[in-house]
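Down below is the structure, laid out as C-alpha cells.
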Amino acid sequence: MCITGHKPWTAMRDRDSKRIEAALKPFFPVVDAYRYNSVSIRVRVIDNRFSGLSIAARDDLVAKHLKTLPKRLQADIMMLLALTPDECNDRTWIRYLTNVEFENPSRSRL
C-alpha cells in the first residue's frame, strides 16, 4: 500500500509478527509486522482514521488491541507506525522516513 515493489521485510515475518497482525487486522484495514531482530518487532498500521490525530492518540488506538497479547510479545514491539495512506507516500512528512526504514530494514547489529 505505501511503497510498491519488492518488500524485503516480508521474509522477516515470524510466528510472533503474524500473531500481532492477527490481533490487529479485525480493527484496521492494513497491518504489517515483522521481527527485525531477536528482541525487536516492527509494526505498521495504515488507516484513514488516524487523520488529524496526534502520534500519541494514534498509538493509543492501536495499543488497546495489542493489550490482548502476552506481555512478552508486547515488549518486543520497538517500532509502531500508525499512518494514513497519504502520509506513507508524502515525502515531506517525517513519518515517511520511518516508513522507508520499515520497508527496507537496515541491517541489525544483533
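Some points to look at:
- Qualifying residue in region 72-83 (condition: basic (K, R) and either at pLDDT below 70 or within 13 Å of L24 (Cα to Cα) (or both)): no
- All told, I41 meets the bar of being modelled with pLDDT of 90 or more, part of a strand (DSSP E or B) and among the aliphatic types (A, V, I, L, M).
- Taking every residue in region 40-64 that is closer than 15 Å to Q74 by Cβ and pairing it with any residue that is of a type in the set (G, A, S) and surrounded by fewer than 21 Cβ atoms within 10 Å (Cβ to Cβ), at least 6 positions away or on another chain, the pairs with Cβ-Cβ distances below 9 Å are S40/S108.
The values are calculated or read from the model by the stated rules, or taken from the named source; none is laboratory data. Note that the structure is predicted; figures quoted are calculated from it, not measured. Positions of Cβ are backbone-derived with ideal geometry, glycine not excepted, and every protein chain shown enters the neighbour counts.
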